[in-house]
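Shown next, in structure tokens, is the structure this report addresses.
The values are calculated or read from the model by the stated rules, or taken from the named source; none is laboratory data. Every value quoted in this text rests on a predicted model; they were computed, and no experiment measured them. Using ideal geometry, Cβ is built from the backbone for each residue, glycine included, and neighbour counts are taken over all protein chains shown.
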Amino acid sequence: MKKIIIGILIAVIAIAGIKAALSFQQKQTDQTAQSNNARVIRIGYQASSSLTVLEKTQKILENELAKDNVKVEYRLFLAGPPMNEALASGQIDIANMGPLPAISAKGNGINVKAIGRSYSDDYYYSLLIRPDSDISSLADLKGKKIGVQLGSGAYVFFLFLLDQNHLSLDDFNVVNMTTSDQKSALQNNNVDAVVTWQPFVADIELDNAGKTLINSKGVIKTAGVYLMRTEFGEKNPDLVKKFLKAHEDTAAYLKDHPDESLKAMAEDSKIPELPLQKSLQTIDWDINFTQDDLNTFTKIKDLMKNQGNIKKDFDINDFIDKSFIN
């Protein structure tokens, strides 16, 4: 029963907003057309989208596109599902998000393509317990309260972890919890564990609010996705190519100017420098998807399909569009 309830909640998170946005998309507007004609590119991101934050603060894409009289707009979101709604309704053109919401968008009828990898990391997710906890294994958490943001990549990591250990959601008291609430929940003993991603993992650890029991190494190697409205790419292929080139230029800037980059990212994202620095140590910024990435995406898609969280099956290879990478 718990699995059914959580599955329904995931479906609500991943699909409900998409349905509303898709109905709006049917009446799509002269406003979207005008935006395209005016040559504007609108980027969706989260505070944890470190490279996009740096790109924004250093105006790397903005300065490049200004040469062509193109405006760049960055729009901050709290999670992937709201970005899907914005993509579906034509409010943004490209979004930096995790694999689960990206696959959810495609599987629920939004006309999108994955055009590049925004990051890759073996250690991106962790299950953390309180620092004074004597829990030593996942099995020790049976019946305990675990906070995780449903519909996130961290939730997928948790599901894969359960499968790897021959456990199920019914073995735990799983509650939906945003990243902004997880640290205080551990500190106030409101949960026994949380499942989250970087740089929030590092922030919890460095603040001594929790310690990692299990990380994602050997469970799932995540790969972030630059998700693009297909229509925007068809009309503006030159802008998409320059957007992806800006990713590579920003990664190079981060490598050459680590101190300035950390300061800029911390100030803009409101995430302290030390957690950011720690979280960036294992991230690969290569923009090219690997076969391992595609295999992981297929596993996530199949998991979502089995849970009834996507309406339409699709081939991951048809979801990927490598034509914009120089």
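Data for the structure
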item: Count of the stretch 240-299 residues which are of a type in the set (Val, Ile, Thr) and crowded, with 17+ Cβ neighbours inside 10 Å; result: 6
item: Positions within the stretch 61-79 being hydrophobic (A, V, I, L, M, F, W, C) and without any contact (Cβ under 8 Å) to a residue 40 or more places away in the chain, in sequence order; result: Ala66, Val72, Leu76, Phe77
item: Filter result for the condition that a residue is within 22 Å of the chain's Cα centre (by Cα) and within 22 Å of Leu78 (Cβ to Cβ), over Ala223, Ala246, Ala251, Ala209; result: Ala223
item: Test for Ile271: is it in contact (Cβ under 8 Å) with a residue 60 or more places away in the chain, hydrophobic (A, V, I, L, M, F, W, C) and under 20 Å from Ala102 (Cβ atoms); result: no
item: Members of the stretch 122-166 found to be within 20 Å of the chain's Cα centre (by Cα), modelled with pLDDT of 95 or more and of a type in the set (D, E, K, R), listed by number; result: none
item: Qualifying position, being of a type outside the set (Ser, Thr, Tyr), over 22 Å from Gln182 (Cβ atoms) and more than 15 Å from the chain's Cα centre (by Cα), among Asn111, Asn84; result: Asn111
item: Gly233 surrounded by 15 or more Cβ atoms within 10 Å (Cβ to Cβ), in a strand (DSSP E or B) and not β-branched (Val, Ile, Thr); result: no
item: Residue match in the stretch 71-87 (condition: among the basic types (Lys, Arg), assigned by TED's automatic domain parsing to the domain that holds Pro275 and farther than 18 Å from Thr230 by Cβ); result: yes
item: Test: residue in the stretch 305-312 that is assigned to a helix (DSSP H, G or I) and exposed (fewer than 14 other Cβ atoms within 10 Å of the Cβ); result: yes
item: Some residue of the stretch 113-122 being touching a helix residue (DSSP H, G or I) at 6+ places or on another chain (Cβ under 6 Å), buried (at least 18 other Cβ atoms within 10 Å of the Cβ), of a type in the set (Asp, Glu) and touching a residue at least 24 places away in the same chain (Cβ under 8 Å); result: no
item: Complete set of residues in the stretch 66-96 that are in contact with a strand residue (DSSP E or B) (Cβ under 6 Å, 6 or more places away or on another chain), surrounded by 21 or more Cβ atoms within 10 Å (Cβ to Cβ) and outside any loop (DSSP other than H, G, I, E, B); result: Val72, Gly80, Met83, Leu87, Ile94, Ala95, Asn96
